[in-house]
Amino acid sequence: MKPGSGPAGKPADSASASGPDRPAAAKPSADDSERTAVFRAPKVDSGTGGAGKASDEAADSERTAVFRAVKPDAKASAPAVEKPAASRPVPPKAVGGERASTFVPLRKDDAPAPAKPAAAGSAPAAPAAPEAAAPAPVPVPERSERTTQQPLPPKPPLDMLADLTNNPPPPPSPMRTAVRRFKIYAPLVVLLAVVLAVVQLVRPMPEPKLTMTAKSSYTFDGGNPVLPWPKEGQAYMAAAGLGTVGSFGEQKPVAIGSVAKTMTAYVILKNHPLKKGEKKGPMIDIDQTAVDDGAKSSEGESTVGTLKAGDKISEYDALAAIMIPSANNVARLLARWDSGGDQDAFVKKMNEAAKELGMANTTYTDPSGLDATTVSTAEDQVKLGLKVVEMPELIAITKLPEWTDQYGKKWRNYNTLIPGNGALGIKTGSTTKAGGNLLFAAEKQVGETRQLIVGAVLGQYGVPILDTAIAASKQVMLATQKMLVNAPVVKKGDVVGYVDDGLGGHTPVVATADVEAVGWPSLTVNVKLSAGDGKLPQTAKAGTEIGVLTVGEGASQVKVPVALQSDLAAPGIGSKLTRVG
């Protein structure tokens, strides 16, 4: 039996034969999607006859080429592009006129299967003839995969327009970029400008203001005044609205006697003012204490002894009783009436009022001033006197030379400065401890101004003590009145300021009359310009009075209206559009 034949002497089928040199055909796996095709290469006739054929069969084993058919891809729809000839594999040259097949190795895991053991009783398989050297493997084209194309970003408007017109987009340039930006931003800028213009036009107009251009003060020519002060004690002199004229002595607290009744009257009128048209005011019950105190005149007290228990006395008569004959018993009666019978509570009110007026060196311990512990200074008493001269109902009493009570008895004013020389009172006070004291006031007409002056002289012990104080006070009063002068500060028609409309417009204002200041040499007075009681108008004709020019303070003030020098016009559109803030 020839080697390589079966039991019947037939050649073994190459499909079932196996050996170490003949790879077994691998079965496709269940998950392998590729299909294999086996092609048998024709034998090559060497031309040597039958013997040569037998040897060729032994030497040349069958060669097979296995090709994997690629499973059609459902996603691949485009036909495969044929590679150029240069990239296709070149088939091997035919041997003896017949084309030889080429072995293409599959995967590394397609190794030859091990030979199956021969069946029992069968002849051993003939050894396989050695195969010729395998040619170089032909590269298998890789399977191409289709990729999904991503959408491109949108083109700029100019590029899209170029595509539509079949014209390429113009090349970028600084000028073209500037023009494009101008076309984009110019409408926005115009819209913004229109909005701002509307806002500026509809915004509320600012309130006009009055600004002064004249000097804010005026100083009188001359040196500091020299007054005839007393030889002892302390003194102080001032002018209402102008300030201090001068002072004498150390301003230390001393007993002031009945001058303390000035504060009693001030507190009573502050808490119970006399109503306009009411001559006497409310009626006060006279108690037995007031009657009993009236009998103490023999003990050195000044009292009114005509009072009767159960009767009534008006507030006006009670004030006259303490300011003219200096009745201690009536001062205590007023204190009890005001504070519900508690005299100490009234004294507390006196000290609170002193603190409000800045009387830092003053202490009240009783409403009459009889106690030596009631102390003050000339400066503090002048501060109180400057408030009293602003109470016409009280000055109307203190300037009386005498007063007649409700029973018809007349009582003289101990202040002998009245009447004459413009003297207005205010209050005397004398005790052995305090000496002679006087708080006085006077007036003088200076030009168009009624000027008030207030002075105080304390601690005079010349005999008689009260007359000494009155004489010293008269000298200071007359000297002060004499030095008061007036001087022109502004003339009629002078520009003293302007109306500012808030948008840059200024309309001048002028004084409608001459303005004179009252004072004394070296005194400086303030000058102010105000809009008066009402608001300034937005528009007005020339000559319209829109403010007041004021010179001085308090009772010495001189006021003159100011008017527009030209028409006051409303701001224009340009001013409205360009305003800031």
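The values are calculated or read from the model by the stated rules, or taken from the named source; none is laboratory data. Predicted, not measured: the structure shown is a model, and the values here were computed from it. So basically every Cβ, Gly included, is an ideal-geometry build from the backbone, and we count neighbours across all protein chains shown. To get the accessible areas, we keep the full protein, side chains included, count just its heavy atoms, and leave off ligands, DNA and RNA. Shrake-Rupley method; radii C 1.70, N 1.55, O 1.52, S 1.80 Å.
Could you work out the per residue convex hull volume over the alpha carbons of segment 151-310, in cubic angstrom?
Each residue corresponds to 563 Å³ of Cα convex hull volume.
As an exercise, identify the GluC sites (Glu not before Pro) in segment 217-292 lying in DSSP coil whose Cβ has no more than 11 other Cβ atoms within 10 Å.
The qualifying sites are 250.
Given the C-alpha centroids of segment 174-232 and segment 271-338, what is the distance between them in whole angstrom?
Between the Cα centre of segment 174-232 and that of segment 271-338, the gap is 62 Å.
Counting only residues 5 or more places away or on other chains, whose amide H sits under 5 Å from the amide H of residue 451 once H atoms are built in the peptide plane?
Distant-sequence amide H within range of residue 451: 444, 445, 446.
Can you classify segment 219-287 as rounded, prolate or oblate using the Cα gyration tensor, where a ≥ b ≥ c are the square roots of its eigenvalues, rounded means a/c under 1.5, and otherwise it's prolate if a/b beats b/c and oblate if not? Walk me through the intermediate numbers first.
On the way: a/c = 4.18, a/b = 1.82, b/c = 2.30.
Cα axes put segment 219-287 in the oblate bin.
Once fully extended, how much extra length lies between residue 213 and residue 280, figured as 0.36 nm per residue of separation less the alpha-carbon to alpha-carbon distance? Intermediate results must be reported in sequence, preceding the final value.
On the way: separation 67, 0.36 × 67 = 24.12 nm, distance 4.94 nm.
That works out to 19.2 nm of additional length.
Quick one: pull the percent of accessible area on segment 370-445 belonging to carbon and sulfur, 1.4 Å probe, ligands and nucleic acids left out.
52
With a 1.4 Å probe and every protein chain left in place, work out the accessible area per residue of segment 338-449 in Å², rounded to a whole number.
Per-residue accessible area for segment 338-449 comes out at 43 Å².
Going by a ≥ b ≥ c, the root eigenvalues of the Cα gyration tensor, does segment 375-451 fall in the rounded group (a/c under 1.5), the prolate group (a/b larger than b/c) or the oblate group?
oblate
Could you grab the Rg to Rh ratio for segment 178-220? Cα atoms only, Kirkwood for Rh. Walk me through the numbers on the way to the answer.
Working: Rg = 23.1 Å, Rh = 15.0 Å.
Here the Rg-to-Rh quotient is 1.54.
Just to check I understand the Karplus step: with θ = phi - 60° and J = 6.51 cos²θ - 1.76 cosθ + 1.60, what whole-Hz values come out for segment 513-526, glycine and proline as x?
In residue order, the calculated couplings are 7, 5, 10, 10, 9, 10, x, 9, x, 6, 6, 10, 10, 8 Hz.
Between residue 482 and residue 348, what is the FRET efficiency for a Förster distance of 45 Å, r being their Cβ-Cβ separation, to the nearest 0.05?
After rounding to 0.05, the efficiency reads 0.60.
Report, by chain and number, residues whose modeled amide H sits under 5 Å from the one on residue 369, excluding near sequence neighbours (fewer than 5 apart, same chain).
none
Separation between the residue 492 and residue 528 pseudo-spin-labels, each 7 Å from Cα along Cα→Cβ, expressed in nm?
Computed distance between label sites residue 492 and residue 528 equals 2.6 nm.
Taking segment 297-387 as the region of interest, what is the percent of Cα-Cα pairs per 5 angstrom bin, listed from the shortest bin to the one with the maximum distance?
3, 13, 20, 24, 22, 12, 5, 2, 0
In what sequence, highest mean first, do 433-444, 509-520 appear when ranked by Cβ atoms within 10 angstrom? Could the numbers behind the result be given before it?
Values: 433-444: 24.7, 509-520: 22.0.
In descending order of packing, they fall as 433-444, 509-520.
Calculate the spin-label point distance for residue 173 paired with residue 201, positioning each point 7 Å from the Cα along the beta-carbon direction, and give it in nanometres.
That separation, rounded to one decimal, is 4.1 nm.
Search the structure for amide H atoms under 5 Å from the amide H of residue 516, placed 1.01 Å from N in the peptide plane, and list their residues when 5 or more places away or on another chain.
Result for residue 516 returns 489.
Given a cut-off of 31 Å, name the pairs among 276/312; 215/355; 280/427; 387/474; 209/444; 252/348 whose C-alpha atoms lie farther apart than that in the structure shown.
Values: 276/312 21 Å; 215/355 35 Å; 280/427 21 Å; 387/474 21 Å; 209/444 37 Å; 252/348 22 Å.
In this structure, 215/355; 209/444 exceed 31 Å between Cα atoms.
Tell me, what ³J(HN,Hα) does each residue in segment 471-482 have, in order and in whole Hz, if you take phi through Karplus 6.51 cos²θ - 1.76 cosθ + 1.60 with θ = phi - 60° and put x for Gly and Pro?
Result, rounded to whole Hz: 5, 5, 5, 5, 5, 5, 5, 5, 5, 5, 4, 5.
Given a 1.4 Å probe, how much area per residue of segment 468-530 is accessible, in Å²?
Counting only protein heavy atoms, the per-residue value for segment 468-530 is 40 Å².
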